[in-house]
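Scroll down for the structure; my scribbles are underneath it.
The values are calculated or read from the model by the stated rules, or taken from the named source; none is laboratory data. Computed from a predicted model, the values in this text were never measured in an experiment. Every residue, glycine as well, gets a Cβ built from its backbone with ideal geometry; the counts of neighbours run over all protein chains shown. Note: accessible area is taken over every heavy atom of the protein model, side chains too, but ligands, DNA and RNA are not part of it. Shrake-Rupley method; radii C 1.70, N 1.55, O 1.52, S 1.80 Å.
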Amino acid sequence: MSVVVIEFITLDGIVSDPDGSAGTPLGGWAFRHGPEAVAGDKFRLGSTLDDGVLLLGRRTWQLFSRLWPNRDDPFSRRMNAVPKLVATRTLTDVSAWAGSHILTGDLLDAVKRERRDVVVTGSLGVVRQLMAENLVDEYRLLTFPTVMGTGHRLFPEGTPHTELRCLAAEQIGAAVLTRHRRPSR
């Protein structure tokens, strides 16, 4: 089992509001490069979605549950079919997106017990909890040639020191997909 974090990110490490849905003044920065910049399996998840599970925070799940169920291309079918765990203290009904289940109990314990690969997308609060406990095995970052100067950073000051190994770097349209993995546990 691996925990894989996927994020749209700017050159200066900002991950907040890439699609503009949060309404921040500079939000939507990923989509300024065109819809093809974010469409399809840009993170090269492939069979991980067939055999794994998505872990989403409440806000990301709410956004995705409005978008993905209405799409019918090959990647969307994979996103709609994958089991989804929702880390939330406020939602009680996640039936709007098939395969969604509210994560019960402690987030970290649930991830440690999971036997499938866990893919975390967006969900910065969830990602930071996993990072604090050294549970992230791989980062797949789609880096856009944008400097925000402000916003939430994936690795804020105070993030624990971690050595990673670069597995791959690939240009995808205007962005670059990098895959970084920590040494085996």
**Item:** Computed label-point distance, nm, for sites T24 and A132 using a 7 Å Cα→Cβ extension
**Value:** 2.0 nm
**Complete:** Given 30-37, 128-135, 1-8, the highest-first ranking by average Cβ count within 10 Å works out to 1-8, 128-135, 30-37
**Prompt:** What ranking do 66-76, 117-127 get when scored by the average of other Cβ atoms within 10 Å per residue, highest first?
**Reply:** 117-127, 66-76
**Request:** Work out, in µm²/s and without decimals, the Stokes-Einstein translational diffusion coefficient of segment 124-167 at 20 °C, 1.002 mPa s, Rh from Kirkwood over C-alpha pairs.
**Result:** 175 µm²/s
**Fill in**
Taking every C-alpha to C-alpha distance in segment 73-117 and binning by 10 Å from 0, the per-bin percentages run 25, 47, 27, 2
**Prompt:** Between segment 122-141 and segment 56-71, what is the C-alpha centre distance in whole Å?
**Reply:** 19 Å
**Prompt:** So what's segment 92-185 giving for Rg/Rh, alpha carbon basis, Kirkwood Rh from the mean inverse pair distance?
**Reply:** 0.99
**Cut-off 9 Å between beta-carbons: net charge of the residues surrounding S2, Lys and Arg +1, Asp and Glu -1** = -2
**Asked** Which whole-Hz couplings ³J(HN,Hα) result when phi for each residue of segment 37-45 is put into the Karplus expression 6.51 cos²θ - 1.76 cosθ + 1.60, θ = phi - 60°, listed in order with x for Gly and Pro?
**Response** 5, 10, 7, x, 8, 5, 8, 6, 7
**Message:** How much accessible area per residue does the chain have, counting only protein heavy atoms and a probe of 1.4 Å, in square angstrom?
**Reply:** 52 Å²
**Item:** Taking the C-alpha atoms of the chain, convex hull volume expressed per residue in Å³
**Value:** 122 Å³
**Prompt:** What is the dipole size for the chain, taken about its Cα centre, with +1 at each Lys and Arg Cβ and -1 at each Asp and Glu Cβ, in debye to the nearest 20?
**Reply:** 200 debye
